[in-house]
Each structure stands twice: as C-alpha cells, then as structure tokens.
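Trainee: Starting off with a structure, shown below.
The values are calculated or read from the model by the stated rules, or taken from the named source; none is laboratory data. Values in this document were obtained by computation on a predicted structure and should not be read as measured data. Glycine gets a Cβ as well: all are built from the backbone with ideal geometry, and neighbour counts include every protein chain shown. Please note that ligands, DNA and RNA were not included when accessible areas were found on the heavy atoms of the full protein model with its side chains. Shrake-Rupley method; radii C 1.70, N 1.55, O 1.52, S 1.80 Å.
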Amino acid sequence: MDTHETDKSGRNMKYARIPYVKRDISRIFYGTATPPFSTSGEGNELLDAMLELGVNAFDTARVYGNAENALGKWMEERGVRDRVTILSKCGHPDTDWTKRISEKEIRADFAQSSACLRTGYIDIYLAHRDDAAVPAGDVVEIFNAMHAEGKIGAFGGSNWTHERIEEANEYAYKHDMIPFTVSSPNFGLAEQVRDMWGGGGIGISGPSHQAARSWYEKQNMPVIAYSSLGRGLFSGRVKSGKPEAASEVMDEFAMKGYACPDNFERLRRCEEVAGKLGLGVPQIAMAWLFRQKLNAFAVVSTGKPERMLENIEALHLELDEKTLRYLDLQEGSDR
C-alpha cells in the first residue's frame, strides 16, 4: 500500500516498500544517466531540489560515467545517506559487448561503485544485463552472499526477461535463499521497438509483451521502469505533427528505440488528451504508467525541479479505462 508525504509545495509524493529495502521509497526514482551527473558537472543543487520535493530514490550504474561519483559526493557533503535509497547496477558488458556476469566481475563492479558512492552498502543492486550462458542460480548465489555480507539490500535484474527472473527465483526457493525481488526493464506508454544500445535491452511495453506484464502483475514484483517517458518522446518538446524534427530533441538511441509511426500516434493522442485536460504531455504519459496494473516505479531524469513537480502531480491524476486504452492504441480514434 502506498503512503504519502507532503512537500513544501503542497504536492504529495507517493511511497511504497520493496522487500529488503530499509525505508519507504518514492514512486519516482531520479535518474542520473544524464548530464551533469554522467559528465564531470556539479549537480548538488539539483539533487537537493529533488530530495526536497520528496524524491528519495536515485538510479545510477557503474557505466553512467561520473554519475556514481557525483551522487556519492552529494550524499557525503549533505550528510543524507540515511535518508535516500540508492539503486546501482553491475555486470554491464564491455564496450565490445563481451558479457560480464561472473562473481569476479560483479564484486569488482561493487568495489568501484561503493568507492565512488562513498558507502559500503547499496540499497538495491541489479545485474545490468543478463548472460543466458550463466545459470540464473549462479547469480542468485552471488547476490545472496553479498546480502549476507551486508553489502546489498534488495537485488534483481535490469534488462532481464521475466522467464530468466523466474528461473532465478525457482532456484532461490528450492535452496531456501532470497529471490530477485525487483526488476528494471523499459516500461512506459512508448513501445521500445528496437534495442537502443545492443546487448539485450528488454522492454515490456506494447502488445507483444502482454505475457511479461501479466507475469509482473501476478508476482506483484516492483518494476523500476527506465525511459518511462520514451527517452524524450513524451517530454512535450517533440511534436507528433513534426516527426521529422524529433531528432532535434531525441538522441540517436531514442530515435532508434522509439521513433516509429505507432509511437508518434501515441504522442498525438497524449497531446489531444493533455489539451482537453489543460495538462502537459509528460503528465499524461506518466499518469498512464501509474494507472497500469503493475507495481511500478518510474525513473525520471530532468534538469528542472518544476518538471519533477508535474511528474509528482501525475501520480494523482485519474484517467478512465477508455482513455488509458485509447492512449495505448487499444481504442479507436473516433472519440
């Protein structure tokens, strides 16, 4: 069950629990895979603003450039480590996409992450990619050992299929071990139609992934959705009537993953609904995500606190079932 907390602006953030995490977690994670965090820039004031707005969960990874270091420096300087939940990731493939899911590589990544983050404990730790050649039970063994050593809290996979997570958890149950309790696939109104980076990016949006969503719904497993606004597609700066100009806002990876006719039609419908309600496109797309029957958390990156305020407002925006289906192309356009 969600809990609420009112920030100084009067907006209510929603919070929920994830097994093996010590505190309630905001339904919105702040993503650090963008400048100034991924570069060498200073982002302390922006992180201060996010925390003041009630965002107490921060998404980062070993491969996000300087992001872990920037986040760790902020936590140390502000003395807020005990107030925030840190999600980081390990085991990302090398630049030539050589897979790195082994105990040696996972522990090496943790050592580097913990040094940058200036903490010996990471609240949520995810294997950033999978390697089907490695038995899922091996990863369960590694993470259970790290949990027992007090290094990590909850653990799971990012870009793992639900079948592989199920394999991992069947092993955990048979061996009386802690299972994967969290997953971070791509999820949002936009369907990821191509793997943006290579190396096995996994999305669960769109008609072809209904089985995955049904599995997550049945398991009630927390889904920490990356690229929840289509990596800029639903930023409000891309216009459905000018798809040829989308690349001025969306980077090459976003264009590869989301630039397709169906997603531009989803954007058009978002624009239509937003116009009728007097709201922004990002709010409609975010409200759609939180009205789905999943235990969803959204990773959002923004350089403007006022944009995060709009996302927080979207947590409370009710959309009827017909509108939800319409936005996702499951209802006709004759409204």
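Trainee: Of all residues in the range 269-279, how many are surrounded by 15 or more Cβ atoms within 10 Å (Cβ to Cβ), in a helix (DSSP H, G or I) and not β-branched (Val, Ile, Thr)?
Mentor: Selection size over the range 269-279: 5.
Trainee: Out of the residues in the range 289-335 meeting the condition of being farther than 19 Å from residue 222 by Cα and among the basic types (Lys, Arg), tell me which one is surrounded by the most Cβ atoms within 10 Å (Cβ to Cβ).
Mentor: Filtering first and then ranking leaves 307.
Trainee: Limited to the range 115-131, what total is found for residues that are open to solvent by less than 30 Å² (accessible area, probe 1.4 Å) and not in a helix (DSSP H, G or I)?
Mentor: Here the count works out to 11.
Trainee: Here is a further query. Looking only at the range 44-75, count every residue that is outside any helix (DSSP H, G or I) and either within 16 Å of the chain's Cα centre (by Cα) or closer than 30 Å to residue 100 by Cβ (or both) and tell me the total.
Mentor: Count: 12.
Trainee: Which ones in the range 178-202 are buried (at least 18 other Cβ atoms within 10 Å of the Cβ) and either of a type in the set (Phe, Trp, Tyr) or free of Cβ contacts under 8 Å to residues at least 40 places away in the same chain (or both)?
Mentor: Within the range 178-202, 179, 180, 187 qualify.
Trainee: Looking only at the range 293-309, decide whether some residue is of a type in the set (Gly, Ala, Ser), at pLDDT 95 or above, under 20 Å from residue 207 (Cβ atoms) and touching a Cys at 6+ places or on another chain (Cβ under 8 Å).
Mentor: no
Trainee: So, in the range 98-110, exactly how many residues are loosely packed, with under 13 Cβ neighbours inside 10 Å and not charged (D, E, K, R)?
Mentor: Looking only at that region, the number is 1.
Trainee: Could you check residue 258 against (1) touching a Lys or Arg at 6+ places or on another chain (Cβ under 7 Å); (2) open to solvent by 50 Å² or more (accessible area, probe 1.4 Å) and say which number it fails?
Mentor: (2)
Trainee: Does residue 286 count as surrounded by 16 or more Cβ atoms within 10 Å (Cβ to Cβ), part of a helix (DSSP H, G or I) and under 20 Å from the mean Cα position of the chain (by Cα)?
Mentor: In short, yes.
Trainee: I've got another one for you. Report yes if some residue within the range 83-94 is out of contact with any Gly (no Cβ under 7 Å at 6 or more places or on another chain), open to solvent by 60 Å² or more (accessible area, probe 1.4 Å) and assigned to a loop (DSSP other than H, G, I, E, B); otherwise report no.
Mentor: yes
Trainee: Further question: Which residue, of 247, 208, is open to solvent by 20 Å² or more (accessible area, probe 1.4 Å), closer than 26 Å to residue 32 by Cα and part of a helix (DSSP H, G or I)?
Mentor: Only one candidate qualifies: 247.
Trainee: Within the range 35-56, can you find the residues that are open to solvent by 50 Å² or more (accessible area, probe 1.4 Å), of a type in the set (Ser, Thr, Tyr) and within 20 Å of residue 231 (Cβ to Cβ)?
Mentor: 39
Trainee: Taking the residues in the range 211-239 that are under 13 Å from residue 189 (Cβ atoms) and polar (S, T, N, Q) as candidates, determine which candidate is least open to solvent (accessible area, probe 1.4 Å).
Mentor: Checked the range 211-239; the qualifying residue least open to solvent (accessible area, probe 1.4 Å) is 228.
Trainee: Now, a different point. Is at least one residue of the range 47-55 in contact with a Gly (Cβ under 9 Å, 6 or more places away or on another chain), farther than 18 Å from residue 139 by Cα and modelled with pLDDT of 95 or more?
Mentor: No, that holds for no residue.
Trainee: Only one of these is closer than 22 Å to residue 16 by Cα, small (Gly, Ala, Ser) and touching a Pro at 6+ places or on another chain (Cβ under 9 Å): 285, 298, 314. Name it.
Mentor: Selected residue: 314, the only one of 285, 298, 314 that is closer than 22 Å to residue 16 by Cα, small (Gly, Ala, Ser) and touching a Pro at 6+ places or on another chain (Cβ under 9 Å).
Trainee: Okay, next question. Condition (residue is in contact with a strand residue (DSSP E or B) (Cβ under 9 Å, 6 or more places away or on another chain), without any contact (Cβ under 8 Å) to a residue 60 or more places away in the chain, within 20 Å of residue 160 (Cα to Cα) and not in a helix (DSSP H, G or I)) applied to the range 132-149: is it met by at least one residue?
Mentor: Scanning the range 132-149 turns up no residue that is in contact with a strand residue (DSSP E or B) (Cβ under 9 Å, 6 or more places away or on another chain), without any contact (Cβ under 8 Å) to a residue 60 or more places away in the chain, within 20 Å of residue 160 (Cα to Cα) and not in a helix (DSSP H, G or I).
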